Amino acid sequence: MSELAIRGGKPLLERFDLPEELFRWPIVTEEDEAAVLDVLRRNRASGNEITTLFEKEFAAWNGRKYGVCACNGTMAIEASIFAAGLRPGDEIICPTKTYWASILSAQKLGATVVFANVDPDTVCLDPDDLERCLSPWTKAIMMVHYWAHPCDMDRIMAFAKKHGLLVIEDYSHAQGGYYKGQRIGAFGDIAATSLMSQKSFAAGELGILVTDKEEYYERALAYLHYERNNETNIHLPELTPYCNVPLGAMKGRANQMCTAFARVQLKYYDERIAEIRRALNYFWDRLEGAPGVHGLRVDESDGSNMAGWYVPHFTYHPEELDGLGLHVFCDAVAAEIGWQIPVGGNYPLHTHPIFRTYDPTGRGTPMRIANAHRDVRELDKELTRSENILCGEVPYFKHLMKEEIDKVADGFLKVISNYKELTGAHDERDAVAEGQWYGKV
């Protein structure tokens, strides 16, 4: 009988028999419940008074002057792109490996999306690829602190300053994080984030953007709101003729049950995510130096951290395990701990048809290049490096419960120590040919 469970051996856990408390999130107390019930009982879900309080509190916490809430993170990002003034024909650079909401609304607003490679060690925008993406029409960079890992802000901001580009931060995975001692979300001209229920800052279904520039604040407010798009809040001459109608042609207002919940969460957020970091750093310390699996995390000695560590991932290096395929490896770990190890995360966006062929107007020109000065899809040929980055997910521990975390770490280490039992194992999902990536659909 093989020692590995996938080969018939005894698993370390018969099933994922770990305490619910290890993963419970968000932490909901009577204080949270009272705040939400107050909104419900007063029938103020569609108001603004609580939302405006949260906007000010969150912006101050993030080191910014202004905040504007939206009904979700996608709308917050869309309003940020509008606020930045991107117009048809303008180009915006975005890492290809991110969630669709980071950039799809730029295409919707008529801008042209140029995809850049991600760094294979951080899975964040690779500053070395920015020059390749640059053109006379480049106006902005959308940078994403992906899976809570901070981007290389020194180099990205220096590049943007050199070329006169705007920077928009999507920090939906990294609220409360730091890069070299400065709060993430405080670098870009505008920064936007999702605060939905699965995020480390979880507040139901909610989004917010922050900025230091009043012009961007007003433009975002006018885009998302109709009742707050008025003479009291909006003073830009270009906007005042359109008061009381949302310029985004949809209502982006936040539900105040969510913003009331978010106000309470904000009070305790920093201390709670510090506990998450302790738990996941303990896990990755257990795997430090093990071949094949490289945990996505930062060296905290320079003042950087992984925020609330949404969502913990590793990069996989089959060459360190004699070519063992990622799916075979993850299936073997799953057999040991009784928990599926998700593979791949989000696939590179440039491979999706919505950025290749989608033509919603029927004009015969794909939406991505409908207003473009060049066919930027030709640049996608240089993105094979990002297509072939292999990633897997680990359990998202919320508390430092060492004995329980050890059980999961032991499952990974057991497979790594005995990987030769799997040599020659084949899974068609692990076939990479002609630039096809594991996560492609």
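Here, each number is a calculation from the coordinates, and none is a lab measurement. This structure is a prediction, so every number in the text was calculated from the model and none was measured. Cβ atoms come from the backbone with ideal geometry, glycine included; neighbour counts cover every protein chain shown.
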Note to self: For the ranges 280-286, 398-404, what's the packing order if you count other beta-carbon atoms within 10 Å of each residue, average per peptide, and put the highest first?
What the structure shows: 280-286, 398-404
Margin query: Just to be sure I follow: if Rg is taken over the C-alpha atoms of segment 30-265 and Rh is the Kirkwood radius over the same atoms, what is Rg/Rh?
Written below: 0.97
Notebook entry, point to check: Computed FRET efficiency, Cβ-Cβ of LYS381 and LYS251, R0 56 Å: what is it to the nearest 0.05?
Noted result: 0.85
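Across all directions of projection, what mean area in square nanometres is found for the Cα convex hull of segment 312-395?
Values: hull surface 31.1 nm².
Result: 7.8 nm².
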Notebook entry, point to check: To the nearest 0.05, what FRET efficiency results for LYS65 and ARG155 with a Förster distance of 22 Å applied to their C-beta separation?
Noted result: 0.30
Notebook entry, point to check: For segment 63-86 and segment 248-263, what is the separation of their C-alpha centers, rounded to whole Å?
Noted result: 13
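Can you compute the equivalent ellipsoid semi-axes for segment 13-86, i.e. the square root of 5 times each eigenvalue of the Cα gyration tensor, sorted largest first and rounded to whole Å?
On the way: eigenvalues 195, 91, 33 Å².
The answer is 31, 21, 13 Å, longest axis first.
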Item checked: Those lysines that a straight Cα-Cα span of less than 20 Å connects to LYS251, excepting residues fewer than 8 apart in one chain -> LYS108
Margin query: Considering only C-alpha atoms, what is the centroid distance from segment 1-61 to segment 204-239, in Å?
Written below: 30
Next item on the list: Take the alpha-carbon centre of segment 407-421, take the same for segment 96-145, and report the distance between them in whole Å.
Entry: 36
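Taking 0.36 nm per residue of separation and subtracting the Cα-Cα distance, what length does fully extending ASP38 through GLN340 add? Could the numbers behind the result be given before it?
Values: separation 302, 0.36 × 302 = 108.72 nm, distance 3.97 nm.
Once the chain is fully extended between ASP38 and GLN340, it gains 104.7 nm.
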Checklist line | Cα-based helix-to-principal-axis angle, 73-83 vs the chain, degrees rounded to 10 | finding: 50
Check: Taking the simple approach of a point 7 Å from Cα along Cα-to-Cβ for both ASP359 and GLU231, what is their distance in nm?
Finding: 4.8
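Quick one: net charge of ALA260's neighbours, Cβ under 11 Å, K/R +1, D/E -1? Don't jump to the answer; show the numbers that get you there.
Values: positive: ARG42, ARG44, ARG263; negative: GLU31, ASP32, GLU33, ASP38, GLU49.
Here the count lands on -2.
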Notebook entry, point to check: Using mean Cβ contacts within 10 Å as the protection proxy, how do 249-258, 57-66 order, highest first?
Noted result: 249-258, 57-66
Note to self: Just want the answer: with Cβ charges of +1 for Lys and Arg and -1 for Asp and Glu, which residue in SER197, ASN230, ILE208 is farthest toward the dipole's positive end in segment 169-285?
What the structure shows: SER197
Check: Taking a quarter of the surface of the convex hull around the Cα atoms of segment 237-369, what do you get in nm²?
Finding: 15.9
Next item on the list: Mind jotting down the three principal axis lengths of segment 38-176 based on Cα atoms? Whole angstrom, largest first.
Entry: 55, 33, 25
Margin query: Placing one identical point scatterer on every Cα of the chain and ignoring solvent, what is log10 I(q)/I(0) from the Debye formula at q = 0.06, 0.10, 0.11 Å⁻¹?
Written below: -0.27, -0.75, -0.89
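For the chain, what does the helix formula give at 222 nm: sum of -39500 (n - 2.57) over DSSP H segments with n ≥ 4, over the residue count, nearest 500 deg cm²/dmol? Present the calculation step by step, with values, prior to reporting the outcome.
Numbers: 11 runs with 132 residues, N = 441.
It lands at -9500 deg cm²/dmol.
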Next item on the list: Please tell me which of these pairs span more than 30 angstrom C-alpha to C-alpha: LYS56/LYS199; LYS139/LYS398; LYS10/LYS199; LYS180/LYS420; LYS97/LYS162; LYS56/LYS398?
Entry: LYS139/LYS398; LYS10/LYS199; LYS180/LYS420
Item checked: Mean Cβ neighbour count within 10 Å, used as a protection proxy, ranking 210-223, 67-80 highest first -> 67-80, 210-223
